[in-house]
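These notes concern the structure reproduced below.
All of the numbers you see were taken from the coordinates with simple rules; none came from a lab. Please read all numbers here as calculations on a predicted model, not as lab measurements. Backbone-built Cβ (ideal geometry, glycine too); neighbour counts: all protein chains shown.
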Amino acid sequence: SVMEADVMQAVQAYTQTVIALAAKNALAEFNEAPEHEALSLITPCVAIPAWAEHLVAARPFSAIDVLQHYAAQLTDDWGTTELNQALSAHPRIGEKAQGNSKETALSKNEQSAVDGQKSALIVALAQGNAEYEARFGRVFLIRAKGRCGEEILGELYRRLKNSAVEEEVEALEQLRQITLLRLEGVFAQ
Ligand SMILES: NC(=O)NC1=NC(=O)NC1=O
């Protein structure tokens, strides 16, 4: 009925307000926190200290999208060094992330669609990972969030055919996506 529609609309508007206010508080917290605290909020996003240090140094941010835009700009300079630095914190796709660090929890969540999938898939991912590491000399990195195991395996097979230069570009783009998605998560709580 019209009444119910109005109530639903009001609830939705209220919910949006609460989400916006929560994000605002998270931003205020980040802006005002002591440096080491602000750093600890964002270091789980990616194991590239310079990125987190520059982001913290650029506070205060007037809005979350300004912060996210600057965070994205900082990733433009990433190259081989940053990629290898970051890979130390990313478990292989399909392998159970070890330990109880914040990064491990994030990886587990991002890879949740892969976990418990058909064992044939897990075996194929393990073989593909090994082939990738033999060919490119580093762990295969893909933004796993929002992707099922089959799609990840398909991407692994496709990227195995890349040249070293093409593959570094792709791996860096995946690292950017993982990092910026995790940053969104920091301010969405
Ligand atoms: N090797 C990986 O691709 N690791 C990961 N991808 C994600 O999206 N999270 C990870 O930890």
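Remarks
- Rounded to the nearest 10 degrees, the angle from helix 164-188 to the longest Cα principal axis of the chain is 30 degrees.
- Between the helical axis of 149-160 and the longest alpha-carbon principal axis of the chain there is an angle of about 50 degrees.
- Selection from G79, A171, P49, by position along the positive dipole direction of the chain (Cβ): A171
- Anisotropy class of region 62-174 from Cα gyration tensor, a/c 1.5 cut: oblate
- Charged-residue dipole, Cβ positions (Lys, Arg, Asp, Glu), region 1-148 about Cα centre, Debye nearest 20: 600 debye
- Förster radius 35 Å - calculated FRET efficiency between K145 and A58, Cβ distance, rounded to 0.05: 0.85
- Listed by Cβ neighbour count within 10 Å, with the fewest neighbours leading, C45, C148 appear as C148, C45.
- Residue (of A63, A23, N100) at the positive-pole extreme of region 7-120, dipole from beta-carbon charges: N100
- Between E29 and V123, the contour length at 0.36 nm per residue exceeds the alpha carbon distance by 29.4 nm.
- For M3, M8, order by how many other beta-carbon atoms lie within 10 Å, fewest first: M3, M8
- Axis angle, to the nearest 10 degrees, between helix 64-74 and the longest C-alpha principal axis of the chain: 30 degrees.
- Residues of type lysines that K145 reaches as a straight line, Cα spacing below 19 Å, ignoring anything fewer than 8 places off in the same chain: K96, K102, K108, K118
- Excluding the site residues themselves, the longest part of the chain lacking any trypsin sites (Lys or Arg not before Pro) in a DSSP loop with at most 14 other Cβ atoms within 10 Å is 1-95.
- Helical content alone sets the calculated 222 nm signal of the chain at -22500 deg cm²/dmol, taking -39,500 (n - 2.57) per DSSP H segment of four or more residues and averaging over every residue.
- Mean-position separation - Cα centroids, region 11-64 and region 121-144, in angstrom: 33 Å
- Residue order, fewest to most beta carbons within 10 Å, for S1, S112: S1, S112
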